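What follows is a single structure, written as structure tokens, with notes after it.
The values are calculated or read from the model by the stated rules, or taken from the named source; none is laboratory data. Remember, it's a predicted structure, so these values are computed and weren't measured experimentally. Note that each Cβ is placed from the backbone with ideal geometry, even for glycine, and that neighbours are counted across all protein chains shown. Heavy atoms of the whole protein, side chains included, go into the accessibility calculation; ligands, DNA and RNA do not. Shrake-Rupley method; radii C 1.70, N 1.55, O 1.52, S 1.80 Å.
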Amino acid sequence: MIKKCLFPAAGYGTRFLPATKAMPKEMLPVLSKPLIQYGVEEAMEAGLTEMAIVTGRGKRAIEDHFDISYELEHQIKGTDKEQALADIRHIINTCTFSYTRQIEMNGLGHAILTGETLIGQAPFGVVLADDLCIGEGEGVLSQMVALYHKYRCSIFAIEEVDPQETDRYGIIEGDNIADGVYIVKSMVEKPAPENAPTNLAVIGRYILTPDIFDILRETKPGKNGEIQITDALQTQAKNGMVIAYKFRGIRYDCGSLEGYVKATTELFRKMQEARE
Ligand code: UTP
């Protein structure tokens with residue numbers, strides 16, 4: 001059983017300055033819910049209840065969000081506003097939250113390694129909350145957990161991206177062995193379109209086996225001088241097996257203004273349709 005889910009949330013979020021000056025971009029709301037809450041709800045749906053969060057600045061905003069605000073609850077008790085806190089109440093009652101701080105922002109791989117102290121030696125999920133995923137039928141992490149039970153190796157989510165935009169993603173090459181399932185042959189971080197082997201891009205959902213920590217410790221800084229999870233997964237794929245999974249659903253890149261506005265607009269439309 002996979003119980004733990006890691007949320008790297010220590011990035012600078014420079015594309016959202018000045019909003020991210022004093023709070024992490026994972027606290028930006030889409031409609032009235034912060035991005036990280038969507039991620040936590042997706043993890044819960046997949047049966048993961050121990051949330052481990054790697055923070056940088058703005059740690060307090062996340063900690064306070066996943067805690068009870070007695071003062072606020074007292075104020076709105078008995079009013080029609082009480083319902084607005086029902087979901088977060090359920091999360092707090094069902095999950096545990098632990099935090100650690102990434103002191104230097106040395107990249108996503110380094111952030112995941114920083115989370116080792118909270119994760120220990122069991123397979124775990126990783127959610128990059130700025131990738132907001134709406135699964136088709138079931139959540140993306142649920143789809144991946146089912147796959148993990150079949151293959152018992154590290155798995156990450158991929159999607160087809162515009163071939164001109166490969167330099168924004170980790171790109172993979174793999175053998176397609178089942179519907180949406182690829183055995184990873186090679187991976188490259190942010191290749192220029194002319195050097196990209198495919199347009200299959202890694203997105204922010206992973207299930208990792210704990211040997212990834214030893215690999216990350218040995219991984220030298222790569223692109224941009226950062227420790228890249230892509231490089232560690234490439235090593236893991238060479239030593240054994242790693243699966244890339246083309247998930248069913250939609251991903252919104254809420255780390256970019258364009259994706260964030262698209263997510264807001266489409267989720268607002270869906271909310272209105274549901275109310276009609
Ligand atoms: P991004 O590549 O989107 O970087 O990180 P960023 O710094 O947050 O955003 P921009 O590009 O400056 O706007 C992907 C994910 O990895 C986390 C981020 O919080 C985000 O969830 N991350 C990245 C860390 O936790 N630590 C790091 O050192 C880098």
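Okay, here's what the table says:
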{"quantity": "For MET187, solvent-accessible area (1.4 Å; no DNA, RNA or ligand), Å²", "calculated": "20"}
{"quantity": "Spin-label pair ASP211/GLN83, simplified geometry with 7 Å Cα→Cβ offset, distance in nm", "calculated": "5.1"}
{"quantity": "Hull-based mean projected area of the chain, where the convex hull spans the alpha carbons, in square nanometres", "calculated": "15.1"}
{"quantity": "For LYS81, solvent-accessible area (1.4 Å; no DNA, RNA or ligand), Å²", "calculated": "130"}
{"quantity": "Part-to-part distance (alpha-carbon centres) for the range 206-222 and the range 36-104, which is given in Å", "calculated": "28"}
{"quantity": "Radius of gyration and maximum dimension Dmax of the range 207-252, Cα, Å", "calculated": "12.4, 34"}
{"quantity": "Stretchable slack from LYS185 to GLU138, in nm (0.36 nm times residue separation minus alpha-carbon distance)", "calculated": "14.1 nm"}
{"quantity": "Hydrodynamic radius (Kirkwood) for the range 161-276, which is based on Cα pairs only, to one decimal in Å", "calculated": "15.9"}
{"quantity": "For the range 25-93: lysine pairs under 25 Å (alpha-carbon distance), excluding those fewer than 8 apart on one chain", "calculated": "5"}
{"quantity": "Restricting the range 112-165 to GluC sites (Glu not before Pro) in coil, as DSSP defines it, with at most 14 other Cβ within 10 Å", "calculated": "GLU136"}
{"quantity": "Solvent exposure of the chain as accessible area per residue, Å², 1.4 Å probe", "calculated": "49"}
